[in-house]
1. Can you tell me the orientation of helix 82-92 relative to the chain, as the angle in degrees between its alpha-carbon axis and the longest Cα principal axis, to the nearest 10?
2. If you fit an axis through the alpha-carbon atoms of helix 182-197 and take the longest principal axis of the Cα set of the chain, what angle between them do you get, 0 to 90°, nearest 10?
3. Order these peptides, 193-203, 167-177, by their mean beta-carbon neighbour count within 10 angstrom, highest first.
4. At a 10 Å Cβ-Cβ cut-off, how would you order S23, S142, fewest neighbours first?
5. Could you size up the charge dipole of the chain around its Cα centre, putting +1 on the beta carbon of Lys and Arg and -1 on that of Asp and Glu, and report it in debye to the nearest 20?
6. Taking amide hydrogens as modeled 1.01 Å from N in the peptide plane, which residues meet the under 5 Å criterion relative to R73, leaving out close sequence neighbours?
7. Work out the charge dipole of the stretch 6-183 with +1 on the Cβ of Lys and Arg and -1 on the Cβ of Asp and Glu about the Cα centre, then indicate which of N128, G81, T95 is farthest towards its positive end.
8. Using the number of other C-beta atoms within 10 angstrom as an exposure proxy, rank Y144, Y61, Y53 with the fewest first.
Amino acid sequence: MSTNDILVEQKGSIMRIEMNRPSKKNALTFGMYDTLTASFKQADEDPTINVIYITGAGNAYSAGNDLEDFMARGDDPHKAGAAGRFIKQISITETPIVAAVPGVAVGVGATMLLHFDLVYASEQAMINYAFIDLGVVPEASSSYLLAQTVGPRRAAELFMLNERIGGKAAADMGLVNQVLPPAELQDYAWSKAEVLAKKPAGAMKDTKMLMRLAHEKIIAEQMLIEGKIFNDRVLGEEARAIFAAFLGKK
């Protein structure tokens with residue numbers, strides 16, 4: 001299932017996924033979304049996989065959507081729906097998910113973390129929910145989940161003021177489990193994945209299900225509403241002008 005941009009391998013009972021576009025800070029294309037979605041589905045269907053481990057190559061986790069690729073999707077419904085299929089999949093994945101965040105996590109690179117079970121970040125990590133400044137709205141049910149995690153007023157600062165937060169601040173807010181020196185991040189996060197992988201897999205999945213059961217319907221409904229507004233805004237003049245200006249500067 002691996003591609004050049006998404007590396008997937010199984011190590012014991014752990015599926016290791018690496019977003020692998022370091023020159024683009026692991027910005028996501030529709031093809032990468034498709035590979036990620038298929039990998040998460042496979043993990044749930046394969047009884048030999050007990051844990052998913054996801055990280056980014058180089059000094060970044062993911063800079064979010066590749067705007068050039070995103071704008072080139074045109075009227076292709078498969079491309080247009082790639083991000084939506086991915087965020088829906090991570091919201092229903094039964095397999096425990098551990099993330100290691102070595103650097104920037106922007107947009108969907110930040111919102112996907114809200115769906116993961118254990119998140120570890122480097123001291124160099126930088127989380128940024130950069131939606132409003134692009135003329136769009138939060139996705140992945142983050143307009144609900146972020147407020148649930150950090151409180152509504154702090155969530156308003158992160159969304160509306162587009163505040164960037166480092167690894168330590170993210171840990172203090174409860175967005176990540178622990179912040180570590182860059183050289184220690186991957187080994188430490190992987191060790192936690194190994195601990196999970198050795199536990200009874202059925203009881204682990206049932207516990208994960210129970211922990212999110214009360215919010216499951218809200219998350220699904222919020223995601224649908226966000227998705228419609230997001231797509232409407234992407235097609236609107238405000239966002240298109242911002243995207244064009246951004247790509248023009250590049």
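Values in this text are rule-based calculations from the coordinates and carry no lab data. For clarity, every value in this text was computed on a predicted model and none was experimentally measured. As a convention, Cβ positions derive from the backbone with ideal geometry for all residues, glycine included, and neighbour counts pool all protein chains shown.
1. Long axis of 82-92 versus the principal axis of the chain: about 40 degrees.
2. Rounded to the nearest ten degrees, it is 60.
3. Descending mean neighbour count gives 167-177, 193-203.
4. S23, S142
5. 220 debye
6. none
7. N128
8. Ordered from fewest to most neighbouring Cβ atoms within 10 Å, Y144, Y61, Y53 come out as Y144, Y53, Y61.
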